[in-house]
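Right, one structure below, let's go through it.
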């Protein structure tokens, strides 16, 4: 089960934060802690981290870190690939996505993510299917 | 970032046109925000920008009429702010509204915002249900999708019933996207409340076989959770899952689903997990899936992470299910590939897979040991931890030491508490299972305790101690173990900074087994333990265990050394009860060494304690106590039943004691009513009416005091009648009992008149119903007589009042209002005033309105007289009024300072006015009736000697020849008043002897009041006061008397609280408390309190509290106040005229008064009066001017200049007061004004 998905840049600024369970703790400080841990890691090291009582799976894309918090039942590599799929989907939608795209289209980014993961479970990984409702909506309002 | 920003700026127009990415242009505001954030150099600046943004948004949102589009923009910005952790609660409702009202995109954004801002427990979610319901019913698919997505994010258990049917419905929706979302919504429902979706498990199965793979994939989530919950129910689905898996890997899905040439990898992973759960421990199920697993393993040869992911999952599944050697072989091989790869991720997976394989294929680890070792030493922490996990699983008796060492080293280096506790658990488990030797075990455990400290659970320590205590069958081994333990702990306790748990373990061990140490003296061990005690920061349990160890050692040694004793003595008084008990026990035990050794036997920790539940060893003690009169033990049952019974009794008692359950008497109706409601005009009838009312009201009455209306209005000050709120009249009868003089009734009678007059509307007198006396608590006289008396009274009164009432009434009312200040006076004083009042009436001098009203005032004020519970406040007006009344009656008389003279003159006057003197009015209380009866006679002539007589009486009480007016106070309780002799104020003891009332010798030479003022008292104790006027101070001599004949009072304490301008000295030191330990019966103790003051106050008093313990040791308190007059503190200052002249311009504050006195007075008279009242020294009289001087207890100078101009019938007194302090000037001026009024 996924606990959260975070997009954080190298300076520690959160670009997107989607939580799948109500966090009891102070979000901002936890995010900072997590990004600090991830930043401290070298490239050749594992993309998986054990943090408190759950796991982090992270991947860096340019200046943006995609961090997913999962519990112990998950397949870490699969989650890693989930992250990649997300990026690919964004790429498809935004056409060569960059951090700014996400910043300026925060709502869209969230919507796409909502299509992919619900209840903290992976629902849809088919990129076309993910983007379909978004595209329909775009067209409808154009 | 700047480059990117430039790029962005360049492409901004494109953004706006919508050619890039999102087709909707972002608002300018948002752009600026992002730009600013991007350009901010520091966190601080970013904070600032964000705060500004939040406030801007807040302000913007309060404006009405925001278009939906604009709202959308604002919401996106709010989402941004929320993401960064700022509080945007104000925006929640707007998000909700937009979700409700917006068009497609706006709605979507609204929903998004809501799902980001709120959580399921938020109260605003309620508002959303309706919106969701509407959207679910909508024909627009997108709406439905939005609704379902929102459901997944936000719904709580309570809302499920509202939405369940609709969502269920959507399972059959033609569109797969809807179905997919519906199944996820149901999944959410299942997670929240499994019981609510129990009926639709069938539907889930149908969805599993949905023609759309996406929907099917979504349903896998549900099944994963369902199967995790209950495997058995879904075993039949194994085949289905296996089939689906086959189809998936067989490429039956469309190309969309392929991700890097792996078909639907995540669905595969999900399926594999489900299969793993189904096959675990179930041979049959496992057999069904072997084929597909095999296939999977073969197929995932792809060199891509996702392939590896599937592979990994497959391996995990293989290891989870019933073992199949071939599959395992294959799996192991794959793992090998993982481990050999260079990617840490893959190695990580390999290690994990290896870990899961170990139970099935133990040898596999051995094959890859090198890799494992490599991983162990890898700088990557994650890998290390995973490898440790592997090692943990790999541990057996052979490698336990090594592995434990590793684990311990990790434990010492890591700072992560989760990891620490994890490692502690692992190490302890390994040590307990595989310890090669006990020594090693102890050493390892010690290390764990040291490193783990608080994270080590207590039962680990317990296990260790058990091991030591119980040992194995091998005795010698045990001994060896214990010896080793003791030795190691002995070394350990030397070290500082030991965690508590380690200290506890060490102490216990040392206490139990240190005797095994042959080379070390118990003394030395004791020393070590004592030094441990010094560490105060330890928890109580630790200290307790140290103590116990010390006890044991002492027992073993056979004696208790002095150091231990001293330590125990110290701990006997420490804050913690536990330690105190231990210390005390040891101190006790040291007296009886054999006992100590029995209590703390050696190496007996495993022996059971013999407990005698009947406590038979205490039998002797119990029988002794019973013999001495102790109450026998009552078993719990008995106690409970007794308390219940008692409670019932008490309840009963409470109910029926003190409360009068007798029903009220029926009120007597009409005649009284009609009487009291006589309209004002019928004043001629007034006289007879009240009598009628009185009689009717009174007749047929029992002992209850009822007024004419038949209501018990005793204690009521004002009663409502048709005429308005009339003041309550005291009942004549009760007043009689209360006061010692027989003049109460007269006073009361008199009083009725002014009251009535005051409240009546105008120039007439209305009969008011005679009502009960407020606050009376004396016996009731028979009412019949009373009523008759009242009748007579009324007739007498009204006829008398008619003439004189006019002038009085209007004034009276005004004064009454102002003067009712709750002043209470003793009945004696009241009498005085009533007397004066009646005097006034008799004098019929309408011109003396001023004085009269004052009298009325006084009459009014002492209406409260009879409220005897109150502390009485002396009104210095009393005697003054006396004087003034005498003034008023005596037109050109000199105002004499002595009251006696006044009396005489008054008497003369009254003589003139009245016909006969009723001397028997001077009789005591109990002759009240006679007095009452005689009254009307007097009244008709509108005069009373009674007041005069009362005055006379008073004057008899007062010391003749004193130049100071006497202040009379009454006590607070009726008892004392009743007890008091009419003749004298002197206190008498119960046995009849007189109280010695002499002042201390040193004070005798100064002018003092001869008569005692009773401050307070009750049937046992009395406090009275005597004033001594010393030049520099005002001394108050207090007499505390125990006038009972046989009861001793103890702890008598009189606390004086003088006004704030006083300083009180008792016994030479500044204090205000007089304490007397004991006062024997019929004895009196005398104390003097010296009061000095710097400045006067407008009203000065000396109050206080007398508390004592009576013979029954109950604390009693009495309160008193005694007003202090200005004259008490003003002393005369002898100045010559010249000196006066010198000082006159020098003194600063002055006040001029001009008073009209309605009779002709001479300067001399005025001076005398002033002298008498204020105690100032008349310096000179020149013509019609006079000067006087005084001082305030030798501090400050007071100069007075009086000028009297006399006209025909009035005098104008001009007064000029000068003093150093403004306040004093005010006081003096007021006094003078009061005097002359």
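The values are calculated or read from the model by the stated rules, or taken from the named source; none is laboratory data. These numbers come from a predicted model, not from an experiment. Reconstructed Cβ throughout: ideal geometry from the backbone, glycine too, with neighbour counts over all protein chains shown.
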Does residue B:197 qualify as being in contact with a helix residue (DSSP H, G or I) (Cβ under 6 Å, 6 or more places away or on another chain), outside any loop (DSSP other than H, G, I, E, B), more than 10 Å from chain A (Cβ to nearest Cβ) and modelled with pLDDT of 90 or more? no
Consider residue B:585 carefully, then state whether it is under 30 Å from residue B:534 (Cα atoms) and in a helix (DSSP H, G or I). yes
Reported set for the stretch B:94-137 where residues are within 12 Å of residue B:154 (Cα to Cα) and not in a helix (DSSP H, G or I) is B:118, B:119, B:120, B:121, B:122, B:123, B:124
For the structure I just gave you, tell me whether residue B:1052 is touching a residue at least 60 places away in the same chain (Cβ under 8 Å) and part of a strand (DSSP E or B). no
Right, residue B:113: at pLDDT 90 or above, within 24 Å of residue A:132 (Cα to Cα) and within 43 Å of the chain's Cα centre (by Cα) or not? yes
Which number in (1) away from every other protein chain (no Cβ under 13 Å); (2) touching a strand residue (DSSP E or B) at 6+ places or on another chain (Cβ under 7 Å); (3) surrounded by fewer than 20 Cβ atoms within 10 Å (Cβ to Cβ) marks the one condition that residue B:209 misses? (2)
Matching residues, the stretch B:138-149, being at the interface with another protein chain (Cβ under 10 Å from one of its Cβ atoms) and either under 21 Å from residue A:17 (Cα atoms) or not in a loop (DSSP other than H, G, I, E, B) (or both): B:141, B:142, B:145, B:146, B:148, B:149
Of all residues in the stretch A:38-64 being over 20 Å from residue A:1 (Cα atoms) and in contact with a strand residue (DSSP E or B) (Cβ under 6 Å, 6 or more places away or on another chain), the one that is nearest to the other protein chains (Cβ to nearest Cβ): A:63
Matching residues, the stretch B:12-34, being at pLDDT 55 or above and exposed (fewer than 15 other Cβ atoms within 10 Å of the Cβ): B:28, B:32
So which residues in the stretch B:249-272 are within 14 Å of chain A (Cβ to nearest Cβ) and without any contact (Cβ under 8 Å) to a residue 24 or more places away in the chain, if there are any at all? B:255, B:256, B:258, B:263
Check on residue A:26, more than 21 Å from residue A:116 (Cα to Cα), without any contact (Cβ under 8 Å) to a residue 40 or more places away in the chain and more than 10 Å from chain B (Cβ to nearest Cβ): no
Odd one out for residue B:65, checked against (1) more than 14 Å from every other protein chain (Cβ to nearest Cβ); (2) out of contact with any helix residue (DSSP H, G or I) (no Cβ under 9 Å at 6 or more places or on another chain); (3) part of a helix (DSSP H, G or I): (3)
Any hit, the stretch B:382-392, residues being more than 14 Å from chain A (Cβ to nearest Cβ), closer than 21 Å to residue A:72 by Cβ and not in a helix (DSSP H, G or I): no
In the stretch A:95-142, what residues are touching a residue at least 40 places away in the same chain (Cβ under 8 Å), more than 8 Å from chain B (Cβ to nearest Cβ) and on the phi > 0 side of the Ramachandran plot? A:120
Only one of these conditions is not met by residue B:152: (1) under 30 Å from residue B:104 (Cα atoms); (2) more than 9 Å from chain A (Cβ to nearest Cβ); (3) modelled with pLDDT under 90; (4) buried (at least 22 other Cβ atoms within 10 Å of the Cβ). Which number is it? (2)
Of the residues B:129, B:183, which single one is in contact with a helix residue (DSSP H, G or I) (Cβ under 9 Å, 6 or more places away or on another chain) and either within 13 Å of chain A (Cβ to nearest Cβ) or modelled with pLDDT of 90 or more (or both)? B:183
Determine which single condition residue B:473 fails, assuming it passes every other condition in (1) away from chain A (no Cβ under 14 Å); (2) in contact with a helix residue (DSSP H, G or I) (Cβ under 7 Å, 6 or more places away or on another chain). (2)
Output the residues belonging to the stretch B:277-314 that are within 11 Å of another protein chain (Cβ to nearest Cβ) and more than 60 Å from the chain's Cα centre (by Cα). B:304, B:305, B:306, B:307, B:308, B:309, B:310, B:311, B:312, B:313, B:314
Examine the stretch B:499-520 for a residue that is in contact (Cβ under 8 Å) with a residue 40 or more places away in the chain and in a loop (DSSP other than H, G, I, E, B), and state whether such a residue exists. yes
Only one of (1) touching a residue at least 40 places away in the same chain (Cβ under 8 Å); (2) more than 10 Å from every other protein chain (Cβ to nearest Cβ) fails for residue B:77. Which number is that? (2)
All conditions in (1) assigned to a helix (DSSP H, G or I); (2) away from chain A (no Cβ under 14 Å); (3) crowded, with 18+ Cβ neighbours inside 10 Å are true of residue B:361 except (1)
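Yes/no matrix, rows are residues, columns are (1) surrounded by 19 or more Cβ atoms within 10 Å (Cβ to Cβ); (2) under 56 Å from the mean Cα position of the chain (by Cα):
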position: B:393; (1), (2): no, no
position: B:408; (1), (2): yes, yes
position: B:411; (1), (2): yes, yes
position: B:415; (1), (2): no, yes
position: B:423; (1), (2): yes, yes
